[in-house]
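Please treat every number below as a calculation from the coordinates, not as lab data. These numbers come from a predicted model, not from an experiment. We place every Cβ from the backbone using ideal geometry, glycine too, and count neighbours over all the protein chains shown.
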Amino acid sequence: MKDVEIERTGIVIIEWLRPEDPKLGQELYNDIKYKETEDGSYFVTLYSVSNKVEFTNTLQKIIDSIKEGTLLTLHIVAHGCEDGLGTDLGNFVDWKELFSYTRQLNIILQNTLLLVLSSCVGGGILSYIEPEKRAPYMAFIANTRSVLIKDARNGFPLFYKDYRTPLDFHEALLRLNGSIDFTEEIEPGVKKTEFFIMSASHTFDEVFNPDRDIKHFNSVVDKIMPPNPLIPQELRLEKARELFIAEGKRLKPYFMFQK
């Protein structure tokens, strides 16, 4: 990865909500746009979209306009589930499609893109990577459960209060989670969970850890080591584990922009 001088730093907010939803993206933009007046090289931009086409067109517009030498935080305010983002089945972007855009951004930005998901079950992003391609983000911030409107409304202005670059995530995340009342349940018997950050490197390692999701690993064993009556099952599983881990080690340097 080549050295590039940082010339601009900013936050881009994409708000993709239903007409009846509170405009949390607009509210956040109003709360943090003052940052532009503190530094001429800083920018805060808001895009409001109403459907999938507008959402993906906006992502492409950002890709086409962004330049090397930019540190960017992409903040998406949207409805979400385990499989992706959207308002309904006809207006839905799964993680693979989202990553096809954020990967282009992350390549331009030399693997410095921080993706912040103000959405329900944004932690589902963990369920999908394409390990043979470049990482689609440097890191992401998300939640594994539903996010209440009031928690997003109160928490994210605090997240960005003293935030300038993705390197400021630690204190920002403490402020965000510190604003949430975790004694309050989302619904009877369902507790809130904290927003968390995970790097692309950690995500990759989790995917290629055969012990993290035994069910998933068992589902791919036959592809790695086809059944063979001459090889004891225990030995076949052990060899499949070795090959699975070795494949991860082979692919990770490219995924992480190390070659």
In order through the range 105-114: 3J(HN,Hα) via Karplus (6.51 cos²θ - 1.76 cosθ + 1.60), integer Hz, x for Gly, Pro: 5, 5, 5, 4, 8, 6, 6, 10, 6, 9
K239 paired with S199, simple spin-label distance in nm, labels 7 Å along Cα-to-beta-carbon: 3.5 nm
Dipole magnitude (debye, nearest 20) for the range 1-89, charges at Cβ of Lys, Arg, Asp, Glu: 180 debye
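For the range 49-102, what is the charge dipole size about the Cα centre, in debye to the nearest 20, if Lys and Arg each add +1 at the Cβ and Asp and Glu each add -1 at the Cβ? Working shown, then result.
Numbers: 4 positive and 8 negative charges, 42 e Å.
About 200 debye.
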Each label point is 7 Å from the Cα along the Cα-to-Cβ direction; what then is the distance between the points at V207 and S50, in nm? 3.6 nm
Taking the dipole about the Cα centre of the chain, with the C-beta of Lys and Arg at +1 and of Asp and Glu at -1, give me whichever of F257, M138, M198 is farthest to the positive side. F257
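Rounded, prolate or oblate, given the Cα gyration tensor of the range 42-180, with a/c below 1.5 counting as rounded?
Working: a/c = 1.43, a/b = 1.09, b/c = 1.32.
In terms of gyration-tensor shape, rounded.
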Taking every DSSP beta bridge with both residues inside the range 52-196, roughly what % is antiparallel (nearest 5)? 55 percent
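Can you pull out the GluC sites (Glu not before Pro) in the range 92-179 whose DSSP state is coil and whose Cβ has at most 14 other Cβ atoms within 10 Å? Can you show the working numbers first?
Values: sites: E97, E132, E171; in loops: E132.
Within the range 92-179, the qualifying GluC sites (Glu not before Pro) (loop, at most 14 other Cβ atoms within 10 Å) are E132.
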Hey, quick one: spin label on D3, modelled 7 Å out along Cα-Cβ, who in the range 63-101 has an amide N within reach, i.e. under 16 Å? 69
[x] 18.9; [y] 19.7; [z] 21.8, with the label sought being that of the calculated Kirkwood radius over Cα pairs in Å: [y]
Using +1 on the beta carbon of Lys and Arg, -1 on that of Asp and Glu, and nothing else charged, what's the dipole of the chain about the Cα centre, debye to 20? 600 debye
What angle do you read, to the nearest 10 degrees and between 0 and 90, between the alpha-carbon axis of helix 149-159 and the longest principal axis of the chain? 80 degrees
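Of all DSSP beta bridges in the chain, what percent run antiparallel (nearest 5)?
On the way: 12 of 37 bridges.
Rounded to the nearest five, the antiparallel share is 30 percent.
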Sorting check: for 143-155, 73-85, 16-28, which peptide has the highest mean count of neighbouring beta carbons within 10 Å, and how do the rest follow? 73-85, 143-155, 16-28
Note to self: C-alpha centroids of the range 43-107 and the range 168-220 sit apart, in Å, by 21 Å
Which whole-Hz couplings ³J(HN,Hα) result when phi for each residue of the range 254-259 is put into the Karplus expression 6.51 cos²θ - 1.76 cosθ + 1.60, θ = phi - 60°, listed in order with x for Gly and Pro? 5, 3, 8, 6, 8, 7
Connecting every pair of Cα atoms under 10 Å apart in the chain and solving the GNM, the largest mean-square fluctuation among V190, V116, V44 falls on V190
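Report the relative contact order of the range 91-143, percent, no decimals, based on alpha-carbon pairs under 8 angstrom and at least 6 residues apart. Working shown, then result.
Details: 59 pairs, mean separation 26.0, N = 53.
Relative CO of the range 91-143 lands at 49 percent.
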Calculated from backbone phi, Karplus (6.51, -1.76, 1.60) coupling profile of the range 51-65 in Hz, x at Gly/Pro: 7, 4, 4, 5, 5, 5, 5, 5, 4, 5, 4, 5, 4, 5, 9
